[in-house]
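The values are calculated or read from the model by the stated rules, or taken from the named source; none is laboratory data. Everything quoted here is computed from the prediction, not taken from an experiment. Backbone-built Cβ (ideal geometry, glycine too); neighbour counts: all protein chains shown. Heavy atoms of the whole protein, side chains included, go into the accessibility calculation; ligands, DNA and RNA do not. Shrake-Rupley method; radii C 1.70, N 1.55, O 1.52, S 1.80 Å.
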Amino acid sequence: MTNDLQSLAKQFINTDLFLKADPYGEGHINDTYAVTFQKSDGTVYRTLMQRINHTVFADPAALMSNIHGVTEFLKNKICVAHGDAIRESMTIIPTQGGSLFYQDEKGEYWRMYIFIENATTYQSCRNEQDFYNCGFAFGKFQRLLSDYPIAELTESIPDFHNTVKRFAALQEAIRQNKAGRVSLVQPEIDFALKREKDAGEIIDLLNKGMMPYRVTHNDTKLNNIMIDDTTGEAICVIDLDTVMQGAACYDFGDSIRFGASTAAEDETDLGKVSLDLHLFGVFTKGYLKVAKEFLTETELYSLAIGAKIMTFECGIRFLTDYLNGDTYFKIHREHHNLDRCHTQFKLVVDMEQKMQQMQDIVHRYCTK
Ligand code: ADP
Ligand code: GN1
Ligand code: MG
């Protein structure tokens, strides 16, 4: 494999010496490697190489052109604001031939990015200042892209956050029972089916024209933002595969789902899992510091509901994948997707109970 990785890496950079490629990160979708090179003057540096999961992303070429468009657009704005365009936005390293990706002889798609050094992605909140900074950074990301030509974006995964369609996919997985697991998860299925009407809560607002479509990231987990090791600032939003049109609350909601939980996404002790209202407030404060300038009343109202719906949706996606035989999300142990589903459903119940408090917090920070 190292040989393969070496020859793949050389498709992007062949002027410097390849030293090694190490598996990297904890994403559920792509295969990620930190690739180390040495320049002729002895300087050692890393790049980030990824195999794009083309089962998940049907059109990697369109996906890469989305990322190219968005990163170039962001870099222009960052430069105008005298920022550091290499550290504050992803940078694609093209192939030697100038293409945004490389397709190998097996048909796999590969890409390379500049490695953002002296910055870290976290699996859980280190401290509340980080989470505030993340809220601010995701709000800023939406603001920077608010005048991006939305029609130029391809839907890299159609209906990604259409929770009604996600619900239908769950029903189909139950019907097909591919992995023979339906009888193992009847309580989880009942939990989801009881909430069928909730699935439309956000998508209906968009469909009825009550909320605008915006350019959104759609996968705003804490581990998709890089925190500067020195300043603690959330410097760069990464994992841009799902940048598409969506509702502002998708980004707000997904950040809360992951970062304001008191436990990991795959915690097996459900007694540890709940929504931390204090962290909810911290993120909301950071996000609204930027976003209250451009969000409409309905969008503000949708934020807390979006947190619940993103969590419900993620739970039904994990359950669907479990029923389908674990074909979508990477798993690292048996029943991993079911464990993930449990934490999400536990959070949904908690958010249902705390909804009014969540709404009050949003209200507090949009009037300040
Ligand atoms: P996935 O889609 O599988 O989640 P990501 O694009 O999020 O893959 O990458 C996985 C991990 O690799 C991230 O969580 C982050 O730690 C690291 N990473 C991604 N891009 C960069 C980059 N440009 N510089 C440094 N680290 C990165
Ligand atoms: C996946 O790629 P990653 O690990 O950042 C998934 C998200 C889920 C998340 C759950 C393209 O995110 O939608 O919310 O796992 N990404 C895709 O942890 O499906
Ligand atoms: Mg990721």
Q) So which of LEU303, LEU323, LEU347, LEU319 is in contact (Cβ under 8 Å) with a residue 12 or more places away in the chain, closer than 17 Å to GLY246 by Cβ and open to solvent by less than 20 Å² (accessible area, probe 1.4 Å)? A) LEU303
Q: State all residues of region 25-61 that are open to solvent by 50 Å² or more (accessible area, probe 1.4 Å) and β-branched (Val, Ile, Thr); if no residue qualifies, say none.
A: THR43, VAL44, THR55
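One line per residue, one yes/no per condition, for (1) within 16 Å of ligand 2 (Cβ to nearest atom); (2) of a type in the set (A, V, I, L, M):
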{"position": "PHE101", "(1), (2)": "no, no"}
{"position": "ALA173", "(1), (2)": "yes, yes"}
{"position": "VAL185", "(1), (2)": "no, yes"}
{"position": "GLU188", "(1), (2)": "no, no"}
Q: Hey, can you tell me all the residues within region 235-279 that are open to solvent by 10 Å² or more (accessible area, probe 1.4 Å), assigned to a strand (DSSP E or B) and either of a type in the set (Gly, Ala, Ser) or away from ligand 1 (no atom under 13 Å from the Cβ) (or both)?
A: GLN245, SER261
Q: Pick out the one residue from ASN76, ASN133 that is within 18 Å of the chain's Cα centre (by Cα), open to solvent by 20 Å² or more (accessible area, probe 1.4 Å) and on the phi < 0 side of the Ramachandran plot.
A: ASN133
Q.
Please verify whether GLN129 is of a type outside the set (Val, Ile, Thr) and within 16 Å of ligand 2 (Cβ to nearest atom), treating the condition exactly as stated.
A. no
Q: Only one of these is farther than 19 Å from VAL164 by Cα and within 16 Å of ligand 2 (Cβ to nearest atom): THR320, THR327, THR311, THR298. Name it.
A: THR327
Q) Residue check: is ASN218 surrounded by 17 or more Cβ atoms within 10 Å (Cβ to Cβ) and modelled with pLDDT under 95? A) no
